[in-house]
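See below for the structure under consideration.
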Amino acid sequence: MRSIGNRGNWWDWLRRAIPAIWIVGGCLLTTSHPAIYAQEMPEDVVKHMREVHKQFRGEKGTLAFFGDSISVSLAFWAPLAYECRNVPPELDRALKLIRKYLRPECWRDWRGGQYGNEGGQTIRWAYENVDRWLERLRPETAVIMFGTNDLAQLDEAEYREKLAAVVRRCLDRGTVVILSTIPPRHGFEEKSARFANIARQIARELKVPLVDYHAEILKRRPNDWDGALPAFAGYDVYEVPTLIAGDGIHPSNPQKYMGDFSPEALRTSGYGLRNYLTALCYGQVIEKVLTLSDK
């Protein structure tokens, strides 16, 4: 079956081609920096998310993505609804849970500004609009990743303040939050690392699950994650055989690795890696929080 994220979908290709910034194993939680990779969510996070979920009054199985163009692109998340290959056991387990639990419209339909994800946006946009999204969507879970656009516009203090506020407002409505660090960005390597650390700190302080996308990219390709490097000249912007596209900003999405979750694919396709990490985390949230918090 054709992958949803295939560039044969001209509208998705257009979204991914726009030079606006996008947002993005198991559920990763950091207790210090550098990141510590955990197979399981820490018990204090599980306990807190169960308490948050007890306040939830919306429809089970709803999942929102609050972010920029990394989240609005159908290369993110939607391909997991289709047949995948070279699936490791941990992802196979997560996908079985997700495909049984997730509302159908949350695979690909909840995209665009009215759903909390749009190209070129920053955490300021989320800060101004998140209450409206929560009222309209009433999502059981929300994946939040802002920061790549923010690197050129916000200082660290404002980023920290507004990101924490957006997370809290979700929690106050009974929405379980999965927070994600941003990927590294060409020309903003140090600042993107500091922004990633801010997200880690907020996840720790507010006791929410964290997908440490930034750390996972550097773990797999510490020296050549950047598709804007001269070594990758000549490739199509999204076809570079590394984790960040040729523009140095967005995740890569090579056609060859569509729906592939082999070790090589997870160090070559930036979107594939984000899909893998997010699925592992959401699978744990389903298993440990969403289906148990009322028991």
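The values are calculated or read from the model by the stated rules, or taken from the named source; none is laboratory data. In this text, all values refer to a predicted model and were calculated from it rather than measured experimentally. Virtual Cβ from ideal backbone geometry, glycine too; neighbours counted across all protein chains shown. Heavy atoms of the whole protein, side chains included, go into the accessibility calculation; ligands, DNA and RNA do not. Shrake-Rupley method; radii C 1.70, N 1.55, O 1.52, S 1.80 Å.
Restricting attention to the range 107-120, report how many residues are assigned to a loop (DSSP other than H, G, I, E, B) and crowded, with 18+ Cβ neighbours inside 10 Å.
6
Just checking, which of VAL87, VAL72 is open to solvent by 40 Å² or more (accessible area, probe 1.4 Å) and at pLDDT 95 or above?
VAL87
Give the range 197-242 a look and list any residue that's over 28 Å from VAL289 (Cβ atoms) and acidic (Asp, Glu), or say none.
Result: ASP224, ASP226, ASP236, GLU239.
Does the range 272-294 contain at least one residue that is hydroxyl-bearing (Ser, Thr, Tyr), open to solvent by 20 Å² or more (accessible area, probe 1.4 Å) and under 30 Å from GLN55 (Cα atoms)?
Yes, the range 272-294 has at least one match.
When you go through ALA199, ALA228 one by one, which is the residue that is at pLDDT 95 or above and closer than 18 Å to TYR271 by Cα?
Answer to the selection: ALA228.
In the range 139-161, is there at least one residue being at positive phi, modelled with pLDDT of 95 or more and over 16 Å from the mean Cα position of the chain (by Cα)?
Among the residues of the range 139-161, not one is at positive phi, modelled with pLDDT of 95 or more and over 16 Å from the mean Cα position of the chain (by Cα), which makes the answer no.
(1) of a type outside the set (Gly, Ala, Ser); (2) over 17 Å from VAL211 (Cβ atoms); (3) touching a strand residue (DSSP E or B) at 6+ places or on another chain (Cβ under 8 Å): which one isn't true of ASN117, the others all being true?
Evaluating ASN117 over (1) of a type outside the set (Gly, Ala, Ser); (2) over 17 Å from VAL211 (Cβ atoms); (3) touching a strand residue (DSSP E or B) at 6+ places or on another chain (Cβ under 8 Å) leaves (2) as the failure.
Name every residue in the range 180-213 that is in contact with a Pro (Cβ under 9 Å, 6 or more places away or on another chain), open to solvent by 10 Å² or more (accessible area, probe 1.4 Å) and of a type outside the set (Gly, Ala, Ser), in order of residue number.
LYS207
Within the range 234-270, track down each residue that is open to solvent by less than 20 Å² (accessible area, probe 1.4 Å), among the hydrophobic types (A, V, I, L, M, F, W, C) and in a loop (DSSP other than H, G, I, E, B).
VAL240, LEU243, ALA245, PHE261
Can you pull out every residue in the range 90-106 that is open to solvent by 30 Å² or more (accessible area, probe 1.4 Å) and assigned to a loop (DSSP other than H, G, I, E, B)?
Hit for the range 90-106 is ARG103, nothing else.
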